[in-house]
Amino acid sequence: MARLVILGSGRGSNAENLIRFFKGHTQIEVVGIISNIADAGIFQIARDNDLPAEHITAKTWKENPDSPLHLLKSWQADYLILAGYLLLLPPYIIEAYPDKIINIHPALLPSFGGKGMYGMNVHQAVVESGASQSGITIHLVNEEYDKGRILFQAICPIQSDDDAEKVAQKIHKLEYRYFPEVIERYLSERL
Ligand code: GRF
């Protein structure tokens, strides 16, 4: 069994979708949730699904490596899945999970990536640029924001009257459709 821990900072709709997808899966299971935001919606998703969840602050990640590492070890985490997770992971985590951390970015990297490019900021920037398309990028995580090896991209068209909210809806549809199966494919090639 590959054991996944999901990290998220927001509502957790991608986490919910992943939990649903992998429920009853023969080779992959979601075993825990981590958030850096104490009241993030993702904690409710964890409770609804009887999953253990922990709040780890940016300060703890930075100053107390033993605590997150110990938690991940106790959950026997094999892979970390970043689903709307806004913090840059510290180097010791990247080292502990080489090619085992997967992120979803709500735009077509390398465009609209990097520091500050998250959530609605991304969609706003895409709309303001006048781009005729956007999409999702699923990629491995390294020490830099949004620079790891790309595993998958999917595109959606943008109409001239789409606002950031409309783009976000289109992106969410792509995320729900593809994120679980891209993780499944990547992991099954490694099992
Ligand atoms: C998603 O669009 C994800 O790609 C982005 O933040 C959003 C998180 O939404 N980085 P949710 O918390 O999964 O509902």
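The values are calculated or read from the model by the stated rules, or taken from the named source; none is laboratory data. Quick caveat, the model's predicted, so the values are computed rather than measured. Cβ coordinates were reconstructed from backbone atoms using ideal geometry, including for glycine residues, and neighbour counts include every protein chain displayed. Heavy atoms of the whole protein, side chains included, go into the accessibility calculation; ligands, DNA and RNA do not. Shrake-Rupley method; radii C 1.70, N 1.55, O 1.52, S 1.80 Å.
Only Cα pairs under 8 Å and at least 6 apart count here; give the relative contact order of the chain as a rounded whole percent. The partial results should precede the final answer.
Values: 338 pairs, mean separation 36.8, N = 191.
The normalised contact order for the chain reaches 19 percent.
How big is the equivalent ellipsoid of region 50-132 along its three axes, where each semi-axis is √(5λ) from the Cα gyration tensor, reported in whole Å from largest to smallest? Intermediate results must be reported in sequence, preceding the final value.
Details: eigenvalues 173, 34, 31 Å².
Semi-axis lengths for region 50-132 are 29, 13, 12 Å.
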Worksheet item: What base-10 log of the normalised intensity I(q)/I(0) is obtained for region 1-72 from the Debye formula, alpha carbons as equal point scatterers, at q = 0.20, 0.22, 0.25 Å⁻¹?
Response: -0.81, -0.94, -1.11
Item to complete: Express the accessible area of region 123-191 per residue in Å², computed with a 1.4 Å probe while the remaining protein chains stay in the model.
Response: 54 Å²
Worksheet item: Once the Cα atoms of helix 119-129 and of the chain are each reduced to a long axis, what angle between those two axes, in degrees from 0 to 90 to the nearest 10, is obtained?
Response: 20 degrees
Discussion item. Loop-only trypsin sites (Lys or Arg not before Pro) in region 1-83, please: DSSP not H, G, I, E or B, and at most 12 other Cβ atoms within 10 Å.
Written reply: LYS23
Practice prompt. Please give the calculated 222 nm ellipticity per residue for the chain, where each DSSP H segment of at least 4 residues contributes -39500 (n - 2.57) and the sum is spread over every residue; nearest 500 deg cm²/dmol?
Written response: -12000 deg cm²/dmol
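Could you tell me which of the pairs LYS73/LYS147; LYS23/LYS100; LYS62/LYS170 are separated by over 28 angstrom between their Cα atoms in the structure shown? Don't skip to the answer; put the middle values down first.
Details: LYS73/LYS147 26 Å; LYS23/LYS100 20 Å; LYS62/LYS170 35 Å.
Violating the 28 Å limit, Cα to Cα: LYS62/LYS170.
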Worksheet item: Using Cα atoms only, what is the angle between the long axis of helix 13-22 and the major principal axis of the chain, expressed in degrees (0 to 90) to the nearest 10?
Response: 60 degrees
Fill in: Mean separation of Cα contacts under 8 Å, 6 or more apart, over the residue count of region 1-93: relative contact order %
39 percent
Response to the item:
Long-range alpha-carbon pairs in region 87-159, meaning those over 16 Å apart, account in percent for 48 percent
Worksheet entry | Descending semi-axes in Å of region 131-191, equivalent ellipsoid built from Cα gyration tensor | 25, 14, 8
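Report the relative contact order of region 90-186, percent, no decimals, based on alpha-carbon pairs under 8 angstrom and at least 6 residues apart.
Values: 143 pairs, mean separation 28.9, N = 97.
Once divided by the residue count of region 90-186, the mean separation gives 30 percent.
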Worksheet item: Given the chain, what percent of its DSSP beta bridges are antiparallel, to the nearest 5?
Response: 40 percent
Fill in: Part-to-part distance (alpha-carbon centres) for region 72-101 and region 118-191, which is given in Å
20 Å
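Tell me the Kirkwood radius of the chain: reciprocal of the mean inverse pair distance over distinct alpha-carbon atoms, in Å.
Values: mean 1/r = 0.0594 Å⁻¹.
Mean inverse Cα-Cα distance, inverted, gives 16.8 Å.
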Practice prompt. Find, among the GluC sites (Glu not before Pro) in region 44-153, those assigned to loop by DSSP (not H, G, I, E, B) with at most 14 other beta-carbon atoms within 10 angstrom.
Written response: GLU143, GLU144
Worksheet item: Sorted from largest down, what three extents in whole angstroms do the Cα atoms of region 71-118 have along their principal axes?
Response: 36, 17, 17
